[in-house]
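Written out below as C-alpha cells is the structure these notes cover.
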Amino acid sequence: MTGSSTGIVTWALRPYITSISVLNNEEITPQTPLLVQTMNVWAQPKVRLVFPVQLKPATQPLSSWVVSEVPLEISDKADKVLQEVNKGRKKLVTMAKQGDLFYAHMEGGVGPEMEQIVRAAGPTQA
C-alpha cells in the first residue's frame, strides 16, 4: 500500500517547483531563460527550460502556471540556451512543453528574484 500511496503523492506534487534559476544573472524579463526543477513520478529531479512569456495562469489544483508554446521570436534563443546548459551534463535539461504545469509555493512571501519572475510571467492562480 505504501508504494501506491507514495506514487500518488509524487504524481500529485510533480508540478511543484523545487528550484528555479535565472541564467547568467540576467535582468528578468518575459524573454529571460529560466531553469525550473521539479520532480518526476519517481521523485527524481527533472530540469526544464522555460521563459516567463510562456507561463500562463493555471486553473488546475496544485498548479500556478501552465506552459504555452515557445514564441517564434525566442525559439532560436531557446535552442542556443539548451545547447549551452547541456554541455557536460549527464541528465539533460529539456524544453518545457506546452501544457506542462508548474506550482510555485508563494504563500508566506517570496524573495525578490521570484517576485521579478512572477511580474515577468504575469498573474498566477489565486
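The range 85-101 and the range 37-77 have Cα centres lying 10 Å from one another. Counted residue by residue at 0.36 nm each, then reduced by the alpha carbon distance between them, the extension gain from Ala43 to His105 reaches 20.5 nm. A simple rule links phi to the HN-Hα coupling: the Karplus curve 6.51 cos²θ - 1.76 cosθ + 1.60 with θ = phi - 60°, which for the range 79-88 gives 4, 5, 4, 4, 4, 5, 6, 8, 4, x Hz, with x for Gly and Pro. Pull out a ≥ b ≥ c, the square roots of the eigenvalues of the alpha-carbon gyration tensor of the range 20-77, then state rounded if a/c is under 1.5, prolate if not and a/b is larger than b/c, and oblate in the remaining case. Here the range 20-77 falls in the oblate category.
All of the numbers you see were taken from the coordinates with simple rules; none came from a lab. Note that the coordinates shown come from a computational prediction; the quantities given were computed from them, not determined experimentally.
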